[in-house]
Amino acid sequence: MFAKRRDALMQKMGARSLGVWFASPVRLRSRDTDHVYRASSDLLYLANCPEPEAVLILRPDADEERSILFVRPRDKEREIWMGRRLGPERAKEHYGVDAAYAIDELDTKITSYLLGCEKIYHQLGDSEANDRRVIEWKEGVKRQRRVGKVTPDHILDSRALTDEMRLFKDSAEMEHMRHAAKLTAEAHEMAMAMTRPGTYEYQIEAMMHYHFRKNGCLDFAYTPIVGGGANATILHYTENQDALKDGDLVLIDVGAEYQFYAADITRTYPVSGKFTDTQRRVYEIVLAALQAGIDACQPGNRFDDVHQAAVAVLTQGLVDLGVLEGDVQTLIEEEAYKPYYMHKTGHWLGLDVHDVGGYFEEDGSSRILQPGMVLTVEPGLYFNPDFHDVPEARPFADIGIRIEDDILITEDGHENLTAAAPKSVADVEAVANTKTLF
Ligand code: GLY
Ligand code: MN
Ligand code: MN
């Protein structure tokens with residue numbers, strides 16, 4: 001699978017080119033301890049290589065050694081302290097590349113690789129240090145022009161090629177995403193069940209993390225959001241520090257990362273296990289908007305059709321609630337819903353939670369959905385009187401509702417990867433506040 005991706009990429013890179021992909025840097029957390037390492041998504045995609053300091057080289061023109069990995073060498077002392085290393089001796093077979101060398105050989109070997117190349121692809125703009133290194137390589141081989149050699153004139157952003165490839169998931173990726181979605185749906189159901197008035201937001205976060213780690217996930221796919229009451233109206237509330245109150249809703253936007261692939265689910269439910277009439281009215285509108293958005297997830301439709309379908313339902317709903325007044329079509333054109341729905345309805349999903357891939361066609365129109373794309377659908381309504389004190393919205397004060405599913409576009413429609421997480425009023429009420437898990 002990885003060799004196939006590399007071959008497809010080298011085809012796009014074309015003759016007389018070289019590609020280089022650097023591992024993500026290790027990031028300091030405090031004093032002398034680091035953050036948990038998360039590998040570069042492109043390096044994972046192209047070589048399944050999660051090692052810090054690794055560098056992948058692709059050479060479309062080479063007769064042999066078209067794909068080369070440079071990795072950390074074996075080092076007894078470092079390995080005793082910091083963990084095992086594969087080393088170049090084992091990396092070739094392990095990663096299925098044509099050759100592997102120790103990372104300290106890269107600066108020497110790169111010269112011969114660059115001779116005869118006209119362009120270098122790398123993640124230009126991602127890291128100043130890497131940009132500088134590639135420029136130094138390019139300048140370093142330039143003096144060989146005096147003896148008639150061709151050396152590169154162009155440095156290009158490799159992401160122009162890989163982002164487009166990553167937008168279309170292959171079968172191995174789909175399997176990982178289905179599994180991330182399954183574990184995430186389970187964790188959401190367990191969260192609903194364990195919720196009581198007085199449960200702390202961080203206790204729910206901890207339980208979900210436990211479920212993910214227990215099942216082999218490295219971590220969350222993104223910083224978790226667990227917000228009760230008015231906290232749910234803050235889109236990226238991540239403090240997760242408050243106790244949940246009887247009578248409030250709680251919004252949970254949490255996803256697992258499995259084999260480096262993200263799931264991204266939001267569910268909102270009553271802390272008590274029963275919606276109030278007011279909460280249910282708003283909830284049913286968001287749920288209908290989600291359904292309209294999911295229905296629009298068809299090959300041949302456009303990415304923006306999903307947003308427009310959701311906005312139409314939300315705007316009609318705001319009129320029905322008495323929050324907005326007037327002709328629905330006009331209100332949509334005027335974006336009158338924006339104080340209550342200020343974000344877009346979804347994004348691509350994959351190795352990154354907000355995954356790569358363009359949202360527009362070359363002519364500037366919204367991207368046409370095609371089989372293999374995975375996107376989220378995540379409408380919401382948020383009423384926080386601190387942000388907009390509108391008398392008509394006061395009955396809904398402190399209600400924040402978002403419901404989010406992950407949708408794979410298929411040949412004949414779509415597959416909802418996260419359908420297993422309860423979301424109808426009946427299903428949510430049947431699960432919420434029902435079981436003691438610990
Ligand atoms: N959790 C991030 C998002 O839903 O986009
Ligand atoms: Mn989300
Ligand atoms: Mn999302």
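The values are calculated or read from the model by the stated rules, or taken from the named source; none is laboratory data. Predicted model only: the values in this text are computed from it and were never measured. Because the Cβ atoms are built from the backbone with ideal geometry, glycine has one as well, and the counts that use them run over all protein chains shown.
Annotations
- Glu361 passes every criterion in (1) more than 17 Å from Pro299 (Cβ to Cβ); (2) without any contact (Cβ under 8 Å) to a residue 40 or more places away in the chain; (3) not aliphatic (A, V, I, L, M) apart from (1).
- Flag not set for Val431, criterion: within 12 Å of ligand 3 (Cβ to nearest atom) and among the aliphatic types (A, V, I, L, M).
- Count - residues of segment 354-389 that are under 23 Å from Leu314 (Cα atoms), more than 16 Å from ligand 2 (Cβ to nearest atom), out of contact with any helix residue (DSSP H, G or I) (no Cβ under 9 Å at 6 or more places or on another chain) and modelled with pLDDT of 95 or more: 0
- Residues located in segment 233-248, provided they are more than 21 Å from the chain's Cα centre (by Cα) and within 16 Å of ligand 2 (Cβ to nearest atom): Thr233
- Screening the candidates Ala187, Ala172, Ala181 for the property of being in contact with an Asp or Glu (Cβ under 8 Å, 6 or more places away or on another chain), part of a helix (DSSP H, G or I) and touching a residue at least 40 places away in the same chain (Cβ under 8 Å) yields one hit, Ala181.
- Sole exception among (1) assigned to a helix (DSSP H, G or I); (2) of a type outside the set (A, V, I, L, M); (3) crowded, with 20+ Cβ neighbours inside 10 Å for Arg133, by number: (3)
- Filter result for Leu218 (of a type in the set (A, V, I, L, M) and either on the phi > 0 side of the Ramachandran plot or modelled with pLDDT of 95 or more (or both)): no
- For segment 406-416, the candidate set comprises residues that are surrounded by fewer than 24 Cβ atoms within 10 Å (Cβ to Cβ) and within 17 Å of the chain's Cα centre (by Cα); within that set, the residue that is farthest from ligand 3 (Cβ to nearest atom) is Ile409.
- Criterion applied to Ala296, Ala336, Ala312, Ala289 was being in contact (Cβ under 8 Å) with a residue 12 or more places away in the chain and within 16 Å of ligand 1 (Cβ to nearest atom), and the one residue passing it is Ala289.
- For Arg59, the conditions (1) on the phi > 0 side of the Ramachandran plot; (2) surrounded by 16 or more Cβ atoms within 10 Å (Cβ to Cβ); (3) in contact with an Asp or Glu (Cβ under 8 Å, 6 or more places away or on another chain) all hold with the exception of (1).
Residue by residue, here is whether (1) among the small types (Gly, Ala, Ser); (2) within 19 Å of Asp7 (Cβ to Cβ); (3) touching a residue at least 40 places away in the same chain (Cβ under 8 Å); (4) crowded, with 19+ Cβ neighbours inside 10 Å holds:
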position: Arg66; (1), (2), (3), (4): no, yes, yes, no
position: Arg74; (1), (2), (3), (4): no, no, no, no
position: Arg78; (1), (2), (3), (4): no, no, no, no
position: Arg84; (1), (2), (3), (4): no, no, no, no
position: Asp98; (1), (2), (3), (4): no, yes, no, no
position: Ala102; (1), (2), (3), (4): yes, no, no, no
position: Asp107; (1), (2), (3), (4): no, no, no, no
position: Leu114; (1), (2), (3), (4): no, no, yes, yes
position: Glu118; (1), (2), (3), (4): no, no, yes, no
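- Condition met for Leu218 (surrounded by fewer than 23 Cβ atoms within 10 Å (Cβ to Cβ), under 24 Å from Lys338 (Cβ atoms) and away from ligand 1 (no atom under 16 Å from the Cβ)): no
- Residue match in segment 146-162 (condition: assigned to a helix (DSSP H, G or I), without any contact (Cβ under 8 Å) to a residue 40 or more places away in the chain and more than 25 Å from the chain's Cα centre (by Cα)): yes
- Selection from segment 59-97 of residues that are in contact with a Lys or Arg (Cβ under 6 Å, 6 or more places away or on another chain) and over 17 Å from Tyr37 (Cβ atoms): Arg59, Arg66, Ser67, Arg74, Gly87
- Total residues in segment 201-246, condition among the charged types (D, E, K, R) and either in a loop (DSSP other than H, G, I, E, B) or in contact with a Cys (Cβ under 8 Å, 6 or more places away or on another chain) (or both): 4
- Annotation: of all residues in segment 350-405 being crowded, with 17+ Cβ neighbours inside 10 Å, among the small types (Gly, Ala, Ser) and not in a loop (DSSP other than H, G, I, E, B), the one that is nearest to ligand 1 (Cβ to nearest atom) is Gly380.
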